[in-house]
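In what follows, a structure is listed as structure tokens, so that the remarks can point back to it.
The values are calculated or read from the model by the stated rules, or taken from the named source; none is laboratory data. This one's a predicted model, so the numbers in the text were calculated from it and none came from an experiment. For neighbour counting, all protein chains shown are included, and Cβ atoms are generated from backbone atoms with ideal geometry for every residue, glycine included. SASA here: full protein model, heavy atoms, side chains in, ligands and nucleic acids out. Shrake-Rupley method; radii C 1.70, N 1.55, O 1.52, S 1.80 Å.
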Amino acid sequence: MIEIREVERGLIAQKLGIIPGDRICWINGNAIRDEIDISFNESDDDLCVEVERKNKRMTFYIEKLPEEKLGIIVSPFEFERCNNACIFCFYDQMPTGLRKSLYEKDDDFRLSFLYGNYITLTNMREGDFKRINEQRLSPLYISVHSTNPEVRRQLLHEGQATDLMVMLRKLSNAKIEIHTQIVLCSEINDGEELERTVFELSELFPCIRSVAIVPVGLTKFREGLFPLKAISRDECLTVIKSTLSWQEIFREKFSIGFVYPADEIFMRGEFAMPMKEFYDGFPQRENGIGESRIFLDEIEEMDIEGLKDCKGSIVFVTAVLPLPWISLLRKRIEGATSIACDVISVTNSLFGKKVTVSGLLVGKDILNSLALYREHADIFIIPRNCLNENKIFLDDISLSDLCESLGKRVIAAPSCMHEFPGFLKKEFLL
């Protein structure tokens, strides 16, 4: 039984008189634990739904089309916490004073299914596997790091040894689609260990559809933690060379490349970003893999004819690593319009200079950098991925706070560069 937080207007639940604060008990005799249970059970065309209001039970008999939704939104479930102590865990490298949600370490298969969160499988129970199978909770996203039990145990500081490959085979036998990731730590799970992991995972294709290789992220807050070092340029080049070789094998066997390094590895290795065919439909895009190629292609294809008569000045804000790509966007606009553009890269003073990705930029650093440009721009455009859905930075500063402090409009860039010309013309530069 779970509380109903919201009832969608015009849908079945509202028409029946169900209201927020009611508690949904079961659907067709099946207990309701979370939003997944609702979605799974409401797909039948004949429903018997029991709801409780102030200790009074109400039963509703419903005939509907299978695709019709009840329109019930329930309160968030209490998710499973991570029981590992990974030597590379980013949570352990964060200062105090950030958004509260950032300190919640989840490791829950339901969040993996709903939102693509990566899980380790170390806290899975038999009932969890049964539910995944029964409700077809697919795809799932799994942090592997290594298929060598000893290496994985070292990386995760796993209290209870679990056999990852046994669990992956169980999911594979149930025909659950899986996407995996490896956080690469120098001299621990790289080299031969990385190759072993990639090829052992490939044995479970097609259920395992992709392997992402991402470099370990290190902040300046590592005092007392395991002595890790950042992946070097030469190590990135080694990973790229190995991946290109492995992809040849996998394309011959599977017709896809199967394994994909993070954009950051190509950037750190100063290696040209692969063409879109390399990414096979971008299965790991939400993990930041292939996003740069999409961005570069969208810049090239961007129709800026409608901006030729626009005038004004823009300052693009970015982090150190993506600076070359934003500079290309600047050249594209300045070469074909009368818009004056500038680009500034913001050094991450909160997490440390080694953190160079845009998604970890914080409001205070951006504010300090933009103060020098206050009189030189009509608009400041920042990366969308450094804000949450409520337009709040990691350090709990809001986008509106930034605008107020600067006395200028600060706008998050559209998520798709195809939308960028219309975005500028409509909002700012007419």
- [ ] Over all directions, average the projected area of the Cα convex hull of the range 132-194 and note it in nm².
- [x] 4.6
Task: Debye-sum result for the range 1-140 in log10 I(q)/I(0), which assumes one identical scatterer on each alpha carbon, at q = 0.11, 0.17, 0.19 Å⁻¹ - done: -0.51, -0.98, -1.12
TODO: Provide the per residue accessible area, probe 1.4 Å, for the range 190-231, rounded to a whole number of square angstrom.
DONE: 48
Open item on the list: List the residues, sorted by chain then number, that are 5 or more residues from Glu177 or on another chain and whose placed amide H is less than 5 Å from its amide H.
Closed with: Leu140
Open item on the list: I need the phi-derived Karplus couplings for the range 126-136: 6.51 cos²θ - 1.76 cosθ + 1.60, θ = phi - 60°, integer Hz, Gly and Pro marked x.
Closed with: 4, x, 5, 4, 5, 5, 4, 5, 5, 9, 6
Task: Solvent exposure of the range 1-64 as accessible area per residue, Å², 1.4 Å probe - done: 59
TODO: Convert each backbone phi in the range 139-153 into a coupling constant with the Karplus relation 6.51 cos²θ - 1.76 cosθ + 1.60 (shift: θ = phi - 60°), then list the ³J(HN,Hα) values in order as whole Hz, x for Gly and Pro.
DONE: x, 10, 10, 10, 7, 9, 6, 6, 8, 7, x, 5, 5, 5, 5
- [ ] Taking only Cα atoms and a 10 Å spring cutoff, compute GNM fluctuations for the chain and point out the largest among Ile87, Ile32, Ile299.
- [x] Ile32
Open item on the list: Please report the carbon-and-sulfur percent of the accessible area for the range 279-365; probe 1.4 Å, protein heavy atoms only, DNA, RNA and ligands left out.
Closed with: 50
Open item on the list: Roughly how far apart, in whole Å, are the Cα centres of the range 92-169 and the range 180-231?
Closed with: 15
Task: MRE, 222 nm, helices only [DSSP H, n ≥ 4, -39500 (n - 2.57), over the chain, to nearest 500] - done: -9000 deg cm²/dmol
Task: Amide H contacts under 5 Å for Val343, placed H, 5+ residues apart - done: Phe316
TODO: Calculate what fraction, in whole %, of the accessible area of the range 1-125 sits on carbon and sulfur atoms when a 1.4 Å probe is rolled over the protein chains.
DONE: 49
Task: Computed lengthening from Tyr103 to Tyr373, 0.36 nm per intervening residue step minus Cα-Cα distance - done: 93.9 nm
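State the antiparallel share, in %, of DSSP beta bridges confined to the chain, rounding to the nearest 5. Numbers along the way, then the final one.
On the way: 21 of 52 bridges.
That works out to approximately 40 percent antiparallel.
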- [ ] DSSP loop (so not H, G, I, E, B), at most 15 other Cβ within 10 Å: list which trypsin sites (Lys or Arg not before Pro) in the range 20-58 pass both filters.
- [x] Arg33, Lys54
Task: Length-normalised contact order for the chain - Cα pairs under 8 Å, 6+ apart - percent - done: 10
Task: Calculated from backbone phi, Karplus (6.51, -1.76, 1.60) coupling profile of the range 22-34 in Hz, x at Gly/Pro - done: 5, 10, 8, 8, 7, 10, 6, x, 9, 4, 9, 9, 6
- [ ] Over the range 311-423, give the accessible area per residue in Å² for a 1.4 Å probe, as an integer.
- [x] 46
Task: Efficiency of FRET between Phe226 and Arg125 - r from beta-carbon atoms, R0 35 angstrom, step 0.05 - done: 0.75
Open item on the list: Need the C-alpha centroid separation for the range 381-424 versus the range 271-292, integer Å.
Closed with: 24
Task: Residues whose placed amide H lies under 5 Å from that of Leu137, excluding near-sequence neighbours - done: none
Open item on the list: Given contacts defined as C-alpha pairs under 8 Å and at least six residues apart, what's the relative contact order of the range 251-309, whole-number percent?
Closed with: 31
- [ ] First compute the accessible area of the range 388-430 with a 1.4 Å probe, then give the percent of it belonging to carbon and sulfur atoms.
- [x] 48
Task: In the range 102-161, the trypsin sites (Lys or Arg not before Pro) that fall in loop regions by DSSP, at most 10 other Cβ within 10 Å - done: Arg125
Task: Two-decimal Rg/Rh across the range 337-430, once Rg and the Kirkwood Rh are taken from alpha-carbon atoms - done: 0.95
Open item on the list: I'm a student and want to see the number: the projected area of the Cα convex hull of the range 104-248, averaged over all directions, in nm².
Closed with: 9.4
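Mind ordering 336-348, 366-378 by average Cβ neighbours within 10 Å, highest first?
In decreasing order of mean packing, 336-348, 366-378 become 336-348, 366-378.
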TODO: With a 10 Å radius around each residue's Cβ, average the other Cβ atoms per peptide and rank 182-195, 58-71, highest first.
DONE: 182-195, 58-71
